[in-house]
Amino acid sequence: MSSEDHYRSQAEALLRLAAATDNMRDRGRLIDEAMHWHNRAIEAREGADGSLADGAEEMRF
């Protein structure tokens, strides 16, 4: 599993957990953490020159 895939799976797991959480404060914290992992996945996809590989669109939060 590549770093990008690992980071993306972390983000997805946290978002699933957030969706199942009733406490809004905990849900917000989980969503913030998921966005952190999403951004790490985007960074892992970037090339050494800072551009995205394969013309992918950047969607940082």
Completion exercise
By residue number, the members of region 4-25 that are over 20 Å from Asn39 (Cα atoms) and not polar (S, T, N, Q) are Ala20, Asp22, Met24, Arg25
Handout entry: The lone exception for Thr21 - which of (1) in a loop (DSSP other than H, G, I, E, B); (2) open to solvent by 70 Å² or more (accessible area, probe 1.4 Å) it fails
Key = (2)
Handout entry: Verdict on Arg8 being open to solvent by 50 Å² or more (accessible area, probe 1.4 Å), in contact with a helix residue (DSSP H, G or I) (Cβ under 6 Å, 6 or more places away or on another chain) and in contact (Cβ under 8 Å) with a residue 24 or more places away in the chain
Key = yes
Exercise for the section: Would you confirm whether any residue within region 33-41 is at pLDDT 95 or above and outside any helix (DSSP H, G or I)? Expected result: no
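The values are calculated or read from the model by the stated rules, or taken from the named source; none is laboratory data. What you are looking at is a predicted structure, and each value in this text was computed from that prediction instead of being measured. Note: ideal-geometry Cβ built from the backbone for every residue, glycine included; neighbour counts use all protein chains shown. Ligands, DNA and RNA are excluded from the accessible area calculation, which covers all protein heavy atoms including side chains. Shrake-Rupley method; radii C 1.70, N 1.55, O 1.52, S 1.80 Å.
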